[in-house]
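So the structure is just underneath, and the comments pick up after that.
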Amino acid sequence: MNVASRKLIEDAVLLIEENVKTDLSLEEIAERLCISKFHLHRIFRAITGSPIMAYVRGRKLTRSLAELRDKKFKIIDIACEYHYEYEQSYERAFKQLFGLTPSAYRLNNCELPIIPKLDISLLNDTAKGILVAPRYCTKPRFYLAGIKALINHKENYNTATANSLALDFYYNYRSKLENVIKEYIYYGLVTHYDFYTADYYMPSVEVSVPFASDSVFTCRTMEPADYAVFRYVGLHAPEELTVKLLCEIYEAIETIWLPTACFKPARQFHFEQINLHMCRKDYCEADIYYPVESS
């Protein structure tokens, strides 16, 4: 399998649920889904924020709570049923996740946070990857420095002008900037010029000290704002995150998320953020930041 998809994650979740009482390994899950374990691990971590085997353990322990509430089952038998080799292994994993031992939970019958089955409805397919429903965050003031250009929508879509600008900036101009905070984190800032014809696009990096824009570089102060952050995951190089693909991602955001969201876009810009340390020639993660305010 060479495309990250909602179906892939759906199949992984179903496989885990059906085998939660077996000794299911990352290698076995990957083999049965016909994907490399490296890709499966990275996709799942990008979507859920935790490794796939941590999710498997969480589902095992969550499902075991039903048996623990029924005092006719011995803890050692529950451990065996969920394929823990020793009762102590089950108790250790249980305490690490829930903060108390199985016997203490059984005795106190208290409230616990659980690891729910992953909600596949939070994912949307694109042509080459998965778009994850947003998380929300607030960002303080920060500064972006890059090369700003006015991009014609039609020209950009057909000739990938913005892609060329991004590559040229990253490989030829980025090193000339001073006070760069993390040179491996790329920003693609889109500022609306005219909805129907053109936008400003600025490939950029974050800098710690603002400066006066000159004939080459523009420095933009990003004021404090709240954001909806959509994560895109694809099994391809970050250079293949083309304008055509980004347009598909933006369309999904605006047609699937915006009509039902409790927030609305707040300002006339958005940006892509790509941590290139997380990417390689066959894997890409990108976060799309939309400034929002309560609707």
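A few remarks follow.
- Under a model in which nothing but the beta-carbon of Lys, Arg (+1) and Asp, Glu (-1) is charged, the stretch 126-294 shows a dipole of about 220 debye around its Cα centre.
- Shape of the stretch 126-294, Cα gyration tensor, a/c cut at 1.5: rounded
- Distance between the C-alpha centres of the stretch 202-264 and the stretch 14-60: 30 Å, rounded to the whole angstrom.
- Estimated 222 nm signal from helices in the chain, with DSSP H stretches of n ≥ 4 weighted -39500 (n - 2.57), rounded to 500: -10000 deg cm²/dmol
- Between helix 6-18 and the chain there is an angle of about 10 degrees, using the helix long axis and the longest principal axis of the Cα atoms.
- Exposed-site-free run, longest, the chain (rule: chymotrypsin sites (Phe, Trp or Tyr not before Pro); DSSP loop; at most 12 other C-beta within 10 Å): 87-194
- 37 °C / 0.692 mPa s Stokes-Einstein diffusion coefficient of the stretch 88-127, Kirkwood radius on C-alpha pairs, µm²/s: 263
- Listed pairs Lys95/Lys281; Lys74/Lys117; Lys7/Lys95 exceeding 29 Å between Cα atoms: Lys95/Lys281; Lys7/Lys95
- Across the stretch 209-215, computed HN-Hα scalar couplings (Karplus, 6.51 cos²θ - 1.76 cosθ + 1.60, θ = phi - 60°) run 10, x, 8, 6, 4, 10, 6 Hz from first to last residue, x flagging Gly and Pro.
- Measuring gaps between exposed loop sites in the chain (GluC sites (Glu not before Pro); DSSP loop; at most 11 other Cβ atoms within 10 Å), the longest gap, sites not included, is 179-295.
- Gaussian network model of the chain, Cα within-10 Å springs - most flexible of Val13, Val229, Val209: Val209
- Max mean-square fluctuation residue, GNM over the chain, Cα-Cα springs under 10 Å, options Met53, Met222, Met278: Met222
- Per-residue HN-Hα couplings for the stretch 60-73 [Karplus 6.51, -1.76, 1.60; θ = phi - 60°; Hz; x = Gly/Pro]: 4, 5, 5, 5, 6, 4, 4, 5, 5, 5, 9, 6, 6, 8
- 0 to 90° range, to nearest 10: angle between helix 37-48 axis and the chain longest Cα axis: 80
- Classified by the C-alpha gyration tensor, the stretch 6-120 has a prolate form. Its axis ratio a/c, with a ≥ b ≥ c, is 1.5 or above, and a/b is larger than b/c.
- Take every Cα pair under 8 Å whose residues are at least 6 apart in sequence, average their separation, divide by the length of the chain, and the relative contact order is 19 percent.
- Cβ-Cβ FRET estimate between Asn152 and Met278, R0 fixed at 22 Å, reported to 0.05: 0.10
- Cα-based shape type of the stretch 194-295, given that a ≥ b ≥ c are square roots of the gyration tensor eigenvalues and the cut on a/c is 1.5: oblate
- Length-normalised contact order of the stretch 126-294 in % [C-alpha pairs under 8 Å, at least 6 apart]: 32
- Residues in the stretch 235-254 reached by a label modelled at Asp168 [backbone nitrogen below 19 Å; 7 Å Cα→Cβ]: 239-244
Values in this text are rule-based calculations from the coordinates and carry no lab data. Quantities reported herein were computed from a predicted structural model and do not represent experimental measurements. Positions of Cβ are generated from backbone atoms using ideal geometry, with glycine treated the same way; all protein chains shown enter the neighbour counts.
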